[in-house]
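To start, the structure under review is shown below, and the notes come after it.
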Amino acid sequence: DHIDHDQIPNYVQQQIHSYCKSLKLVKINWPDMLHYYSFLTSFLCYKENVFINLRVVIPLFKNCQSIYIHGGNPSLLQLSHNQMEYIYAFMYQRKTNPSSMNELKEIEITSISDSSTLSFKSAVKQ
């Protein structure tokens, strides 16, 4: 089989593309991302691995309807006001810019560290 310039066989590229395109739910376990898949964090995370880079992840999983991010037990995921603003801005941009639309309907984040600088009450806009 033909091998492209990145040394990945075309059939493997096609299988990965098909798999990513078919996913409706993406589950991310934050500790696993940082530990077992640390080689991907420079690509899939932003600002020194503080959160998932939604502008990269969403286009990879074009038909994804839900993203579930679990902080681990004990949680390693710390949310700040800036991270929540990033999520809000991302979702707002999707809503107001039809060219950026895909199937994503929700982002669920669970098991947030108690030492986060953002409390649940301040995370929810009233």
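In the neighborhood of residue 106, defined by Cβ-to-Cβ distances under 15 Å, what is the net charge if each Lys or Arg adds +1 and each Asp or Glu adds -1? Provide the component values of the computation, followed by the final result.
On the way: positive: 24, 27, 94, 95, 105; negative: 103, 108.
With Lys, Arg at +1 and Asp, Glu at -1, the neighbours total +3.
From the Cα gyration tensor of segment 47-94, with a ≥ b ≥ c the square roots of its eigenvalues, which class applies: rounded if a/c is under 1.5, or else prolate if a/b is larger than b/c, or else oblate? Walk me through the numbers on the way to the answer.
Values: a/c = 1.96, a/b = 1.34, b/c = 1.46.
It is oblate, given that a/c is not under 1.5 and a/b is not larger than b/c.
In segment 1-102, which chymotrypsin sites (Phe, Trp or Tyr not before Pro) are in a loop and have at most 16 other Cβ atoms within 10 Å, using DSSP for the loop call? Don't jump to the answer; show the numbers that get you there.
On the way: sites: 11, 19, 36, 37, 39, 43, 46, 51, 61, 68, 86, 88, 90, 92; in loops: 36, 37, 61.
Listed in order of number, the matching sites are 36, 37.
With a cut-off of at most 14 other beta carbons within 10 Å, and DSSP calling the residue loop, which trypsin sites (Lys or Arg not before Pro) in segment 14-89 qualify? Please list them.
Working: sites: 21, 24, 27, 47, 55, 62; in loops: 24, 47, 62.
In loop regions of segment 14-89 (DSSP not H, G, I, E or B), the sparsely surrounded trypsin sites (Lys or Arg not before Pro) are 24, 47, 62.
Could you check the spin-label model distance between residue 46 and residue 15? Points 7 Å from the Cα along Cα→Cβ, value in nm.
Roughly 3.3 nm, to one decimal.
Once you order the gyration tensor axes a ≥ b ≥ c over the Cα atoms, which shape class does segment 9-62 get: rounded for a/c under 1.5, otherwise prolate or oblate by comparing a/b with b/c?
prolate
For a test of the definition: using alpha carbon positions, the gyration tensor, and the 1.5 limit on a/c, classify segment 10-117 as rounded, prolate or oblate.
On the way: a/c = 1.94, a/b = 1.23, b/c = 1.57.
Oblate, because a/c is 1.5 or more while a/b does not exceed b/c.
Note down the relative contact order for segment 1-81 as a percent, whole number, built from C-alpha pairs under 8 angstrom at least six residues apart.
Working: 81 pairs, mean separation 29.1, N = 81.
For segment 1-81, the relative contact order is 36 percent.
Bear in mind these aren't lab numbers, they're just calculated from the coordinates by the rules spelled out. Computed from a predicted model, the values in this text were never measured in an experiment. All Cβ positions, glycine included, derive from the backbone under ideal geometry; neighbour counts span all protein chains shown.
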